[in-house]
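Everything below concerns the one structure shown next.
Since every read-out is calculated from the coordinates, none of them should be taken as a lab result. None of the values given here were measured: they were computed from a predicted structure. Note: ideal-geometry Cβ built from the backbone for every residue, glycine included; neighbour counts use all protein chains shown.
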Amino acid sequence: MTHKILIKNATIVNEGKQFIGNVLIEDQKIKEISTSPILVDVDKVIDATSKLLIPGLIDDQVHFREPGLTHKAEIKTETIAAVAGGITTFMEMPNTVPNVLTQELLQDKYDIAAANSIANYSFFMGASNDNLDEVLKTNPKTVCGVKVFMGSSTGNMLVDNKKVLEGLFKECEMLIATHCEDEETIRANTAKYKAELGEDIPMRMHPVIRNEEACYKSSSMAVELATKYNTRLHILHISTAKETRLFRNDIPMLEKRITAEACIHHLWFSDADYDTFGSRIKWNPAVKSAEDREGIWKAVNDNRIDVIATDHAPHTIEEKAGTYFNAPSGGPLVQHALVAMLEMHKKGRISLENLVHKMCHAPAELFQVGKRGFIREGYFADLVLVDLNQPWTVSPNNILSKCKWSPFEGHTFEAKVDYTFVNGAIAYHNDAVNDSIRGQRITFDR
């Protein structure tokens with residue numbers, strides 16, 4: 001039976017334009033977009049007067065912890081948080097337990113998502129110093145990319161063998177996404193400050209230990225390898241102003257072979273915040289100086305940085321309460337990423353059109369996601385309706401990630417997600433998630 005929903009009088013932000021319009025959803029797809037009334041019998045009418053309608057966000061970097069680390073998070077719990085935050089599609093990283101270093105382990109994650117994910121999904125294949133043959137079996141039509149940790153990570157996923165890196169960049173035909181921090185630099189800094197300060201190092205030393213040099217040395221090497229072999233390279237979570245010099249904006253994104261991502265925490269926080277938030281803003285790469293934050297914002301707005309993502313990586317609050325060397329890096333962000341960026345828009349940091357581009361259109365184009373990331377007739381109805389004037393305060397009572405904490409606790413946001421649609425179904429409305437729906441495995445037009 002055909003199911004139809006009409007969203008009327010919405011302020012639609014899509015493909016660089018804003019206009020008042022109406023959108024008809026029929027089953028999973030967008031059937032019609034019009035500035036004139038859509039006169040058709042429907043099952044539900046949503047009056048979106050004074051509300052913002054944008055495409056569902058595509059988050060190209062999350063850590064949902066399943067399998068093996070489910071005391072921190074699960075695919076179901078984190079996709080509940082994601083759709084509440086307007087994220088309708090995610091791409092998840094391979095440093096779960098076991099690490100995703102074989103095609104069989106990759107398929108296991110797809111099977112878990114098919115059973116449990118509220119949002120649409122894809123998973124990165126993992127690379128190590130000894131699984132190149134497995135990496136090269138990855139199907140570029142059905143897998144978002146290959147993840148290379150060129151810095152500390154979980155288990156056997158640090159790729160620090162130069163010969164292996166050369167082989168990956170030379171032979172891999174699909175997108176390589178990299179975490180770039182130089183391990184040798186980090187180890188030297190760790191030894192230096194441990195000798196000076198002992199085990200009780202303050203959290204504000206995190207960007208000193210995992211410093212600009214560690215990031216730039218690794219990122220510049222990745223760019224050098226990609227340039228040498230014409231590899232499709234995407235560098236994740238840029239954290240320094242210096243790194244932004246590695247990227248170009250003189251050609252359209254679709255013509256770039258090397259692209260870059262910025263994350264919410266590097267756009268929001270600075271090293272001045274460590275004394276307030278402590279381990280709650282301890283990420284790898286580290287949140288760095290206000291000057292670095294300014295440099296990242298500049299690169300986002302002048303298109304040297306192509307997408308904005310979360311690097312959502314939850315741990316339990318008990319784990320985060322440890323000392324510097326014991327507290328793990330990472331934190332939850334999917335539920336609050338969109339409203340945080342809308343606050344940045346209100347402060348004049350980013351236009352609505354560019355926000356939608358960086359969080360919806362660009363990841364769809366960069367990864368060549370099929371029929372998502374835009375409000376277009378015939379595309380999947382992944383949509384978000386936002387009330388820009390509905391203040392709410394983040395508290396443990398309304399945090400939906402399994403870990404139940406957030407670096408935004410106590411902060412009042414002015415905007416709130418009203419509806420999230422995943423493949424035409426209402427996934428979120430009135431502070432409630434429809435956890436009976438299931439997202440789809442996304443495909444890629446490569």
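Here are some notes:
- Ranked packing of 416-426, 4-14, 167-177, 188-198, most packed first, by mean Cβ within 10 Å: 416-426, 4-14, 167-177, 188-198
- Descending semi-axes in whole angstrom, ellipsoid equivalent of the stretch 25-92, from the Cα gyration tensor: 34, 12, 11
- Taking only Cα atoms of the stretch 266-349, radius of gyration then Dmax in Å: 13.6, 40
- Amide H within-cut-off set for T259, under 5 Å, with H built and near neighbours excluded: L233, H234, I235
- Placed amide H near W283: partners under 5 Å, 5+ positions off or other chain: G330
- Rounded to the nearest 20, the Cβ-based charge dipole of the chain about its Cα centre (Lys and Arg +1, Asp and Glu -1) stands at 460 debye.
- For R441, residues with placed amide H under 5 Å, excluding near neighbours: Y121
- Derived value for the stretch 326-417: Kirkwood hydrodynamic radius 15.0 Å. Basis is the mean of 1/r over every pair of different alpha-carbon atoms.
- Here the convex hull built on the C-alpha positions of the chain has a volume of 129 cubic angstrom per residue.
- Net charge dipole size for the stretch 295-446 [Lys, Arg +1 and Asp, Glu -1 on Cβ; Debye, nearest 20]: 280 debye
- Of all complete DSSP H helices in the chain, those with a Cα span along the helix axis of 15 Å or greater and a mean Kyte-Doolittle hydropathy of -0.5 or more are 212-229.
- Take every Cα pair under 8 Å whose residues are at least 6 apart in sequence, average their separation, divide by the length of the stretch 1-102, and the relative contact order is 25 percent.
- Rounded, prolate or oblate (a/c below 1.5 giving rounded, otherwise prolate when a/b exceeds b/c) for the stretch 385-446 by Cα gyration tensor: prolate
- In this entry, the stretch 220-309 is assigned a mean projected area of 5.7 nm², taken as a quarter of its C-alpha convex hull surface.
- The HN-Hα couplings worked out from phi for the stretch 274-280 by the Karplus form 6.51 cos²θ - 1.76 cosθ + 1.60 (θ = phi - 60°) are 4, 5, 8, 9, x, 5, 5 Hz, whole numbers, x standing for Gly and Pro.
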